[in-house]
Amino acid sequence: MYSKIKSCGLMGIDGYIVEVETDISSGIPAFDIVGLGDTAIREARERVRSAIKNSGFEFPIRRITMNLAPANLKKEGSSFDLAISLGILASTGIIEHSSLQRSMFIGELALNGCVKPVKGVLPMAVCAVQNGIRYLFLPEANAREASVVRELHIVPVKELKETVSILSGESEIVPFVDTAFDDEDTDGGYTEDFADVKGQENVKRALEVAASGGHNCLMLGSPGCGKTMLARRLPTILPSMTFEEALEVTKIHSIAGILPPGLPLVKARPFRSPHHTISDTGLVGGGSIPRPGEISLAHYGVLFLDELPEFSKKSLESLRQPLEDGVITITRVNATLTYPARTTLICAANPCRCGKFLDPSGQCTCTPGQIQQYIGKMSGPLLDRMDIHIEVSPVKYKDLDSNGPVESSAVIRERVEGARRVQLERYKGMSIYSNSQLQPAMFAKFCRLDSKCRDIMKNVFDRLGMSARAHGRILKVARTIADMDRSEEIKPVHLTEAIQYRSLDRKIWNI
Amino acid sequence: MLDCFRDPVYIWEAGEAELKASGLCTPKVIRSLMDKDVRESITAAMDKINKCDADVITLYDSCYPSALKHTADPPIVLYCRGKLERDEVCVAVVGSRRATWYGLDMAKRLSRELAVRGITIVSGLARGVDSQAHKGALEGGGRTIAVLGCGVDRAYPPENRELMNKVMENGAVISEYLPGTEPVPYNFPARNRIISGLSRGVAVVEASERSGSLITADFALEQGRDVYAVPGNINSAYSTGTNRLIREGAKIVTGVGDIIEELNLEMTSENLNYSAKKSAGFNLSGDEKSIAQRLMSGPVHIDSIARDCGLSIAAVSSVLVMLELSGFVEQLPGKFYKLTE
Ligand SMILES: Nc1ncnc2c1ncn2[C@@H]1O[C@H](COP(=O)(O)OP(=O)(O)OP(=O)(O)O)[C@@H](O)[C@H]1O
Ligand SMILES: [Zn+2]
């Protein structure tokens, strides 16, 4: 007898319908699964066989052939277990065929018949809705994750036996409704706040500029001066995510299996800080079983690379293209995957080998040659993408101890959102949405300088010994500062402040 | 022989008979003076000298620096590009080629402040401290002399070519070696005796235990010159040499005043007022004025400036760049600012 049942596969961050076809015929007993399955799917045969038996059903001693369609896409993982076992039970007449209509089944089976959680449930749920599915059967532990998708009945199941009794009408469907999700709080529920950071006023301002224009930053400062603490708080001042953005982030985190339990929708912009020993695939994604890399996990959020000079040149080089494009494309034998990767990059580094070059103690014992060599190690394609350089000095004890009023992230975020709105309006209908994406060809239109500003710019290169590569970066950042000030033109005050954020292009690094 | 002929040119142009008649030369010397190969190589050297437009100053010339003349081992000939002045007061500022930011900053500052007071800065045009010493002197609008360990037609290190040209315009580049001489390491210690010999005192800014500048300090002591040393962090390998000099009795330098005091010079008020004159040329706005005021007492961090002047970081950032562009303030590492000296 023949049966057909729907499940779901993953391609990049999107799901696609997989039809699990089962044919049981007489002949030499066998159990074959065709349709480009990986090892996990081949091993599903053993899990399914045991699960069926241990759930009190009979496993047919006949010739079983299963096909996962479409047959040309490679399928991975254990999430087809539930569908495969139900396919067998439907073919042997234990389940009514009609009860399987408009339903999708996802879940891994334990040998005892329990249904275990899988990764990537959210994109599967989205795919289900898009394909007119009404009931999504899935592991109980994944229910909340899928419940973000509203137009769908979520049916959480604990074990195979329970699933069968629901399908045969013996027990009722109790669709899962997540009540906790209805709260409209959009502030992301961050546990950190800029108000925690004492002093560091100029660093906070620089980060506000970065957030306002979506600029990548480099932070230089001695160990323990608070670079990580500051970077960690950048997501808290980025604009709140829209529902669509949150859904996209959640999808990626769902696929990677890093959704925190009890959090159906990721509302906080992600902050990822991979260690410098991370592999290239870990950073940008890919691998034999493709997974999104850190840059995609930081989608719509912040990717923080602490101790930048320790990262291998090769892995930094691999970040360049995705940073530029906002997506990472992974080419495989029979498919091309893309993962989104739109992130603000923050890199941190010591200013020199001994780390003390920027500290007021004056204890740095590095020669300019050594400092240049140290900074030189970082230079290259990635450093060229840093619009803002921030010098962080350790705060004085006096400041750490003070309880003076400090701005909260919420207040700063409101200003940032205002500046972003200006940019969205200006770039409407164009391929860009923030100043950080301005291309040199657009400077003439959006970053025009009056004669006063041009004089300043010329002076900067002559007197401060700035290198020419700083020019475009200064223009973009000046545009952002003008937007923060709601000024149509870039004025000298905007330009000069932007010049402050090009530390590494200055002479003091280059005696 | 020079006493008799007064100028080597006369020896050169004298015929065999003339030399014999002088009775000062052995036949061997005469033979070698007349030898074709020797004459050719000397002609080649003359060509090189002419080509780089160097003056040849002998020990007997009136423009030979008198301080150097009265040392134990003065060079017979100095090749000189630029101009040496009679009786100029010179102080040598020397130190490590590999110096820290602190050392470089001190070298430049000290030299500038000495130059402002009309003192000529002597150094060796090497990388690191030496280069900063020359630069400081030029910034201060003073004179500076570079003593090379190679021919004066050679720029060594090569990146200092431009600096060398500036030194020639505002002082002199001298050497005891013939133009064309390559920079070979064993020439450098010997030229250090010229650096100290020219100077009333030698200031060592930053030197590790084995720095060549310590050789200069040794020469200075032999020649009866003062030795000054700028103290450094006792943990820094780059200051072990200078700190040892201090322990052994060198005069500690914590500011230009320490050197001036020792030199016993009459300072003209015109010289001293350089900084004041410079700042009078600026037209400061209200915010600029209050920031400048705040910087009077020394370097201040940008956050403190903003807080103390009651301005936003954005405003202070902008004003500071303007002040920097007009040359009024200077940025230090770590977003500290100070008034330009
Ligand atoms: N401005 C500040 N206000 C309050 N606490 C601070 C501040 N700066 C540093 N700290 C404290 O110091 C700790 C160390 O800071 P952090 O780990 O961010 O330093 P870091 O510069 O990132 O050092 P490294 O990169 O070497 O780890 C912080 O966790 C925080 O408790
Ligand atoms: Zn250092």
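The values are calculated or read from the model by the stated rules, or taken from the named source; none is laboratory data. Remember, it's a predicted structure, so these values are computed and weren't measured experimentally. Because the Cβ atoms are built from the backbone with ideal geometry, glycine has one as well, and the counts that use them run over all protein chains shown. Ligands, DNA and RNA are stripped out before the accessible areas are found, and what is left, the full protein with its side chains, is counted by its heavy atoms. Shrake-Rupley method; radii C 1.70, N 1.55, O 1.52, S 1.80 Å.
If you go through the range A:443-452 one residue at a time, do you hit one that is open to solvent by 90 Å² or more (accessible area, probe 1.4 Å), under 23 Å from residue A:412 (Cα atoms) and either more than 10 Å from every other protein chain (Cβ to nearest Cβ) or in contact (Cβ under 8 Å) with a residue 12 or more places away in the chain (or both)?
No, the conditions are met nowhere in the range A:443-452.
Please count how many residues of the range A:248-263 are over 11 Å from the mean Cα position of the chain (by Cα) and either surrounded by fewer than 20 Cβ atoms within 10 Å (Cβ to Cβ) or without any contact (Cβ under 8 Å) to a residue 12 or more places away in the chain (or both).
5
Given the criteria within 16 Å of ligand 1 (Cβ to nearest atom) and either under 16 Å from the mean Cα position of the chain (by Cα) or free of Cβ contacts under 8 Å to residues at least 12 places away in the same chain (or both), does residue A:328 qualify?
no
Just give me the residues in the range B:320-341 being more than 8 Å from chain A (Cβ to nearest Cβ) and either among the aromatic types (Phe, Trp, Tyr) or open to solvent by 10 Å² or more (accessible area, probe 1.4 Å) (or both), in sequence order.
Going through the range B:320-341, the residues more than 8 Å from chain A (Cβ to nearest Cβ) turn out to be B:323, B:326, B:328-330, B:337-341.
B:326, B:328, B:330, B:337, B:338, B:339, B:340, B:341, listed by residue number.
Identify, by number, the condition in (1) in contact (Cβ under 8 Å) with a residue 40 or more places away in the chain; (2) open to solvent by less than 20 Å² (accessible area, probe 1.4 Å); (3) of a type outside the set (A, V, I, L, M) that residue A:407 doesn't meet.
(2)
For residue B:50, all conditions in the list (1) over 21 Å from residue B:193 (Cα atoms); (2) open to solvent by less than 30 Å² (accessible area, probe 1.4 Å) hold save one; what is the number of the exception?
It is condition (2) that residue B:50 fails.
Which residue out of A:221, A:199 is under 30 Å from residue A:470 (Cβ atoms), modelled with pLDDT of 90 or more and small (Gly, Ala, Ser)?
Of A:221, A:199, the one residue that is under 30 Å from residue A:470 (Cβ atoms), modelled with pLDDT of 90 or more and small (Gly, Ala, Ser) is A:221.
Only residues that are at pLDDT below 90 and among the β-branched types (Val, Ile, Thr): list them for the range B:86-118, please.
Answer for the range B:86-118, where residues must be at pLDDT below 90 and among the β-branched types (Val, Ile, Thr): B:89, B:100, B:116.
On the given criteria, is residue B:99 within 14 Å of another protein chain (Cβ to nearest Cβ), out of contact with any Cys (no Cβ under 8 Å at 6 or more places or on another chain) and of a type in the set (A, V, I, L, M, F, W, C)?
yes
Does the range A:343-387 hold any residues that are of a type in the set (Lys, Arg) and within 12 Å of ligand 2 (Cβ to nearest atom), and which are they?
Across the range A:343-387, the qualifying residues are A:353, A:356.
Being within 16 Å of ligand 1 (Cβ to nearest atom) and either open to solvent by 20 Å² or more (accessible area, probe 1.4 Å) or in a loop (DSSP other than H, G, I, E, B) (or both) narrows it down to one of A:355, A:376, A:369, so name that one.
Going through A:355, A:376, A:369 in turn, just one is within 16 Å of ligand 1 (Cβ to nearest atom) and either open to solvent by 20 Å² or more (accessible area, probe 1.4 Å) or in a loop (DSSP other than H, G, I, E, B) (or both): A:355.
Hey, can you tell me all the residues within the range B:296-313 that are farther than 20 Å from residue B:340 by Cα, among the hydrophobic types (A, V, I, L, M, F, W, C) and at the interface with chain A (Cβ under 10 Å from one of its Cβ atoms)?
B:313
Within the range A:87-126, count every residue that is closer than 19 Å to residue A:65 by Cβ, open to solvent by less than 20 Å² (accessible area, probe 1.4 Å) and either among the polar types (S, T, N, Q) or not assigned by TED's automatic domain parsing to the domain that holds residue A:43 (or both).
Here the count works out to 1.
Would you confirm, using the coordinates I've provided, whether residue A:455 is out of contact with any Lys or Arg (no Cβ under 6 Å at 6 or more places or on another chain), over 16 Å from residue B:313 (Cα atoms) and within 12 Å of another protein chain (Cβ to nearest Cβ)?
yes
Could you grab the pairs with beta carbons closer than 9 Å, sequence gap of 6+ or different chains, first residue in the range A:343-365 and more than 12 Å from chain B (Cβ to nearest Cβ) and under 30 Å from residue A:245 (Cβ atoms), second one in a strand (DSSP E or B) and among the charged types (D, E, K, R)?
A:343/A:272
In the list B:216, B:240, B:268, which residue meets the criterion of being over 30 Å from residue A:208 (Cβ atoms) and at pLDDT below 85?
B:268
So, in the range A:475-501, how many residues would count as being away from chain B (no Cβ under 11 Å) and either closer than 18 Å to residue A:391 by Cα or in contact with a Lys or Arg (Cβ under 9 Å, 6 or more places away or on another chain) (or both)? Step through it out loud before you land on a result.
Filtering the range A:475-501 down to residues away from chain B (no Cβ under 11 Å) leaves A:475-477, A:479-480, A:482-483, A:486-490.
Of the ones still in play, those that are also either closer than 18 Å to residue A:391 by Cα or in contact with a Lys or Arg (Cβ under 9 Å, 6 or more places away or on another chain) (or both) are A:477, A:482-483, A:489-490.
Going through the range A:475-501 one residue at a time, the tally reaches 5.
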